[in-house]
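Worksheet: one structure, shown below.
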Amino acid sequence: MIEAAIVSLAALAMFAYVLSPLRSGPRRDIPSTSMRAEDAEEKKRAALTALIDIEEERSIGKMSEADFDSLRAEYEAEALEALIELDGLGGAPDVDQELETEISALKTKMTCPSCGSLRQPGKACAQCGAPG
């Protein structure tokens, strides 16, 4: 009789344990501020890299001016949106200057020191063969 009571209590406890997630309702994961900042930083970096890529494509004749203008406006808007998000959705008066400074820094990093053409960092220049 005592054994049956212990088994019944154990079964009841296991049943309650298994059903406890159902009573608490669905879990809502709220992304932390640092995760949102990392996402915004990644969006900004991707947009800035894309801006440099389309400038290179235009400079070597692979892209028309109309396509370049359209894509440049799109990528600048994405980068600006990411910067505003990084600034806490408040916007900053010098956002344009910050964007231009970052583009310039990336462009400098991707410029061949020998001939001045754009290249991927760490890779040999396609124009003159200078090491990365």
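Worth a mention:
- In region 17-47, residue farthest from Met110 (Cα to Cα) [restricted to those that are small (Gly, Ala, Ser) and modelled with pLDDT of 70 or more]: Ala37
- Among the conditions (1) in contact with a helix residue (DSSP H, G or I) (Cβ under 7 Å, 6 or more places away or on another chain); (2) under 24 Å from Glu38 (Cβ atoms); (3) modelled with pLDDT of 85 or more, Ala77 misses just one, which is (1).
- Hits in region 37-69 - residues which are under 9 Å from the mean Cα position of the chain (by Cα) and buried (at least 17 other Cβ atoms within 10 Å of the Cβ): Ala40, Lys43, Lys44, Ala47
- Selection of region 48-72 for residues being in a helix (DSSP H, G or I) and more than 15 Å from Met110 (Cβ to Cβ) yields Glu65, Ala66, Asp67, Phe68, Asp69, Ser70, Leu71, Arg72.
The values are calculated or read from the model by the stated rules, or taken from the named source; none is laboratory data. Bear in mind the structure is a predicted one, so any value in this text is a computation, not a measurement. Positions of Cβ are backbone-derived with ideal geometry, glycine not excepted, and every protein chain shown enters the neighbour counts.
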